[in-house]
Amino acid sequence: MHILVLNGPNLNMLGIREPEHYGTQTLADLEQMLHAEADRLGITVECFQSNHEGALVDKIQAAYGRADGILINPAAYTHTSVALLDAVKAVSIPTVEVHISDPDTRDEFRKVSYIRQACIATVKGKGFPGYLEGLGILVRAVTASGKNAE
Ligand code: DQA
């Protein structure tokens, strides 16, 4: 089973940006944690971060026929991007939305998530462990569907 992990804009600044919301660990720490969990689960993950909406759309499209699931933190694009929503709908790959903080309890404009309607689940406000929870949800969903490649 192969899972694509996508992180959106400013998540390359983890460890520096707003530690009161996002903690002090870095993106490298997050990706290392996900690779270790993937090894434990006997699956593979590919991690990709971009500050560019189109690059994230390209990556979702390229996952068609290749990834069994997508774990995505669209970051600020959560609240603005119809393009990411449409990309996930286009490829029809089971997708879980994850957020380190809980955007629903913050600014009013963070309460809207465009991508949510195309996702099988949302995990929010649980810090880095939320990514592991999201990965687990995907693995169970893909296994239950019997559609994984391996
Ligand atoms: C975020 C929440 C978003 O509102 C914000 O724009 C981010 C990070 C989170 O992980 O908590 O960049 O997605």
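Read-outs: derived from the displayed coordinates by stated rules, not from any lab. The shown structure was predicted, so the numbers you read here are calculated from the model rather than taken from an experiment. Please note: Cβ atoms are built from the backbone with ideal geometry, for glycine as well, and neighbour counts cover all protein chains shown.
Under 5 Å from the amide H of residue 102 lie the amide H atoms of 125, each residue being 5 or more positions distant or on a separate chain, with H modelled from the backbone and absent for Pro and chain starts.
The 3J(HN,Hα) values that the Karplus relation (6.51, -1.76, 1.60; θ = phi - 60°) gives for segment 39-45 are, in residue order, 4, 4, 7, x, 10, 10, 10 Hz. Gly and Pro appear as x. Close amide-amide hydrogen proximity is noted between residue 45 and 3, each under 5 Å apart and 5 or more residues distant or on a separate chain (H modeled in the peptide plane; Pro and chain starts excluded). The magnitude of the dipole of segment 44-133, with charges of +1 and -1 set on the Cβ of Lys/Arg and Asp/Glu and taken from the Cα centre, is near 80 debye. In the chain, the calculated helix contribution to ellipticity at 222 nm averages -11500 deg cm²/dmol per residue, counting -39,500 (n - 2.57) for every DSSP H run with n ≥ 4.
Quote the relative contact order of the chain in percent (integer), defining contacts as alpha-carbon pairs under 8 Å separated by 6+ residues.
Numbers: 268 pairs, mean separation 38.8, N = 150.
Taking the mean separation of contacting Cα pairs over the length of the chain, I get 26 percent.
Applied to segment 79-86, the Karplus parametrisation 6.51 cos²θ - 1.76 cosθ + 1.60 on θ = phi - 60° returns per-residue 3J(HN,Hα) values of 8, 9, 9, 6, 4, 5, 4, 5 Hz, with x for Gly and Pro. The lysines whose alpha-carbon is closer than 21 Å to the alpha-carbon of residue 147, local same-chain residues fewer than 8 away aside, are 59, 89.
Here the Karplus relation 6.51 cos²θ - 1.76 cosθ + 1.60, evaluated at θ = phi - 60°, turns the backbone of segment 21-27 into coupling constants of 9, 10, x, 10, 7, 9, 4 Hz, with x for every Gly and Pro. Charges were assigned to the Cβ only: +1 to each Lys and Arg, -1 to each Asp and Glu. The resulting dipole of the chain about its Cα centre is roughly 320 debye.
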